[in-house]
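Report on the following structure.
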Amino acid sequence: MAHYIDPHIHMISRTTDDYHRMAQCGCVALSEPAFWAGFDRGSAAAFHDYFRQLTEYEPKRAAQFHIRHYCWLCINAKEAENVSLSREVIASIPEFLRCPNVLGIGEIGLNKNTPNEAIVFQEHVDLAMRTNELILIHTPHLEDKLKGTRMIIDMLQNDRRVQPHRVCIDHVEEHTVRYALEGGFWCGMTLYPTTKCTPERAVDIIEMYGTERIMVNSAGDWGKSNPLAVPEFILEMKRRGHPEATIRKIVYENPLNFFRQSNNWVDWPIETTGADAAK
Ligand SMILES: [Zn+2]
């Protein structure tokens, strides 16, 4: 069975059975960006508890199934309309940055492309630059996506400290993937049943844009979503005759190579293609 990494999934919203099924399908590691928890939180203390859940509790739940759990910290765009609350939350992030499973700041971005969201986005980028952290970016949905993606890329390019190879722009689709790749950023395609990409569309995009700096994820969250979406993508790639090495690059090597730039990264025994072939 091919091993894979799900680089964007909200395990806080999933059951332990989902961890079990993901492990059975070959998931060996995942990363969980800080996001909405199904309701708007009223205080910075609630986010503090959430960050403890992401850095202390979820890694233990994942480890029961031999899945390595990583995370990203921020106040998400959906709750960032309140700038003073956002600033309190941002101020509490540095104390968590040395937790061993933290990869960086994320998923930051825009939701409705409002001025307050843009202020909070830029303050997160500033934190990431001051602390030399990787960044994971959420782009808005549907009709807000193209404008929001352009706004985000403009803000990143206006900050001269930002190195694009240390940033991943997530939830790209046919009309935004080019902006992310041409800017030198990594990008993520989210396989989601209602909005965003289907596995078939994601494979189409791979066939058009290639396999450099691109990964796929399930975003499994509070909405109707499938925590096994990456294995669905693998099946669709196989169905179209793509070689194992190409599939492995997208679902395993690419997320690993992006994550490896993180300050806290410690390499684990990486399965080699040779070991795959020996099976
Ligand atoms: Zn997300």
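The values are calculated or read from the model by the stated rules, or taken from the named source; none is laboratory data. Owing to the predicted nature of the structure, the values given are computational and were not obtained by experimental measurement. FYI the Cβ positions are ideal-geometry reconstructions off the backbone, even for glycines, and counts take in every protein chain you see.
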Scan the stretch 9-35 residue by residue and report those that are buried (at least 21 other Cβ atoms within 10 Å of the Cβ) and either among the polar types (S, T, N, Q) or closer than 23 Å to residue 92 by Cβ (or both). 10, 11, 31, 32, 33, 34, 35
Restricting the search to the stretch 1-41, which residues are in contact with a strand residue (DSSP E or B) (Cβ under 8 Å, 6 or more places away or on another chain), farther than 20 Å from residue 258 by Cα and β-branched (Val, Ile, Thr)? 12
Being in contact with a Phe, Trp or Tyr (Cβ under 9 Å, 6 or more places away or on another chain), more than 18 Å from residue 3 (Cβ to Cβ), surrounded by 15 or more Cβ atoms within 10 Å (Cβ to Cβ) and of a type outside the set (A, V, I, L, M, F, W, C), is that true of even one residue in the stretch 225-239? yes
Odd one out for residue 30, checked against (1) more than 16 Å from the ligand (Cβ to nearest atom); (2) modelled with pLDDT of 95 or more; (3) within 30 Å of residue 245 (Cα to Cα): (1)
Mind telling me which of the residues 19, 57 ends up being in contact with a Lys or Arg (Cβ under 7 Å, 6 or more places away or on another chain), assigned to a helix (DSSP H, G or I) and more than 14 Å from the ligand (Cβ to nearest atom)? 19
Flagged in the stretch 1-16 as more than 15 Å from the ligand (Cβ to nearest atom) and in contact (Cβ under 8 Å) with a residue 12 or more places away in the chain, in numbering order, are 1, 2, 3, 4, 5, 16
Pick out the one residue from 80, 128 that is out of contact with any Ser or Thr (no Cβ under 9 Å at 6 or more places or on another chain) and among the aliphatic types (A, V, I, L, M). 128
Members of the stretch 37-70 that are of a type in the set (Phe, Trp, Tyr) and either closer than 18 Å to residue 21 by Cα or modelled with pLDDT of 95 or more (or both): 47, 50, 51, 57, 65, 70
Take the residues in the stretch 140-172 that are in a loop (DSSP other than H, G, I, E, B) and at pLDDT 95 or above; name whichever of them is surrounded by the most Cβ atoms within 10 Å (Cβ to Cβ). 170
Considering 48, 66, which residue is assigned to a loop (DSSP other than H, G, I, E, B) and either touching a residue at least 12 places away in the same chain (Cβ under 8 Å) or within 16 Å of the chain's Cα centre (by Cα) (or both)? 66
Consider residue 73 carefully, then state whether it is in contact (Cβ under 8 Å) with a residue 40 or more places away in the chain and within 16 Å of the ligand (Cβ to nearest atom). no
Looking only at the stretch 39-47, decide whether some residue is within 16 Å of the ligand (Cβ to nearest atom), hydrophobic (A, V, I, L, M, F, W, C) and surrounded by fewer than 19 Cβ atoms within 10 Å (Cβ to Cβ). yes
Hey, could you check the stretch 138-197 for residues that are within 22 Å of residue 225 (Cβ to Cβ) and among the polar types (S, T, N, Q) and say which is nearest to the ligand (Cβ to nearest atom)? 190
Could you check the stretch 202-250 and list, in sequence order, the residues that are part of a strand (DSSP E or B) and within 16 Å of the ligand (Cβ to nearest atom)? 215, 216, 217
